[in-house]
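Here is the structure we will look at, set down as structure tokens.
Taken together, the values in this text are just the output of simple stated rules run on the coordinates, not laboratory data. Values in this document were obtained by computation on a predicted structure and should not be read as measured data. Neighbour counts run over all protein chains shown; Cβ positions are idealised from the backbone, glycine included.
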Amino acid sequence: MRHSKSNKIINKQEGFTLTELLVGITISVVVSAAAMTALTTTTKATRVNDQTAQTQQNARVAMELLSHDIKMAGYGMTGPVANCPSAIVPADNTVGGPDTGPDSVSLVIPTVVSPLASAVTAPFGASTTPLPLVSATGFSANSVISIGGVISATVAAPPSGNNLTLGAIVGAPATFPAATPVYVLRCVTYQVMQTGGANAAAICGANLPCLARGMDAPLVAGKLDCNGVGGATACVSISEGIEDLQLAYACDGCNAGVNGGIADYAVDDQGAINNTFEATDFVSNNTWTTAPMTADTIRLVSINIVARETRVEQGFGERNATLANTTGPVVVLDHNPSTPGDAGYSLATYQQFRRRLVTRTVEVRNIGL
């Protein structure tokens, strides 16, 4: 009896048929494939979003730094500083015609270095009555300084301790209390470093192109000249992936046909005189060195920055030369990258990257007051 019962229990045990096993495997494969597809799609979407966000951030960083320096351009300036004869020195890529590359601009920027260690009353500045500072680090012979943004002077010799000897005596009735800030005025240049440019790879590293800031000052150890010509410009990358910089300027007192060419605290009309401020009142093709359109009449600056991804896009579609999308060039002011003569332009290469355009109008605070 026991043996017969055991056989019945064994006979009632069942397994999967081959058909059931195949169906189960198929369902598992489909579910796994769907999960993998969802995971891959999510990963690509995250990658694309990260690249886009980084590109936007690069453009914003470049805009904030350049905007800040344009607002402060000329503060405390009473004469030429290094290679800057004026507070703003525009450098259009192609004056009088369509640009074939980025613009650049030079600006006189104040940098707080040290406050006065004690009050000073004119006359002062000679070796017998030097300018007393809390610290003279950052000053050197021929540095142009500004005391409180009121008086500028040139340093005649290297600092003696924390004292500065000036090239000219500051006369009465000048007087400054202790802790008055003393600035060094420097001529800085913003320019886009592109593939193939002098020192571009060394300055931008693997993140070409980039926006660089060059300073007229003794070269700092490990820093390079922006243009690869030696000299006194310490150049550093301030934002990666910056492909284009286009600038336009609005002025007051620069058009002889408006208010007799006299500044009246309103931007001059350019072209048709309609007493309305509009985009056409910004000028991009000009040297700003010939009267009446000189740099001291500039009141507003239109800044246009194009940033691109620093790596070939890896996301939906994996953009590359064989899978190029139909995105056309980003045209800013008078610069169309597809214009014949544009340095290094290739449609297939251009279309491998997403781009972001950031635009801002900045008021120049220290010119024409």
Footprinting proxy, SER86, SER67, SER338: sorted fewest to most Cβ within 10 Å, the residues are SER338, SER67, SER86
Determine the gain in length on full extension of the stretch THR180-THR78; use 0.36 nm per residue of separation and subtract their C-alpha separation, reporting nm with one decimal. 34.9 nm
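Taking the number of other C-beta atoms within 10 Å as the exposure measure, put ILE27, ILE203 in order starting with the fewest.
Numbers: ILE27 10, ILE203 22.
Listing ILE27, ILE203 from fewest to most nearby Cβ atoms yields ILE27, ILE203.
Starting with the fewest neighbours, write out THR339, THR19 ranked by other beta-carbon atoms found within 10 Å of each beta-carbon.
Final ranking by Cβ density, sparse to dense: THR19, THR339.
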Using modelled amide H (1.01 Å from N, peptide plane; none on Pro or chain starts), what sits under 5 Å from the amide H of TYR249, excluding residues fewer than 5 places away? VAL283, SER284, SER302
With an 8 Å cut-off on Cα pairs and a minimum separation of 6 or more residues, tell me the relative contact order of the stretch 117-179 in percent. 47 percent
With no solvent and one equal point scatterer per Cα, compute the Debye intensity ratio I(q)/I(0) for the stretch 117-179 at 0.20 Å⁻¹ and report its log10, rounded to two decimals. -0.69
Using the beta-carbon distance between LEU347 and THR294 and R0 = 25 Å, what value does 1/(1 + (r/R0)^6) give for FRET efficiency, to the nearest 0.05? 0.05
Gain on full stretching of the segment that runs from THR19 to ASN199 - 0.36 nm per residue minus C-alpha separation: 57.9 nm
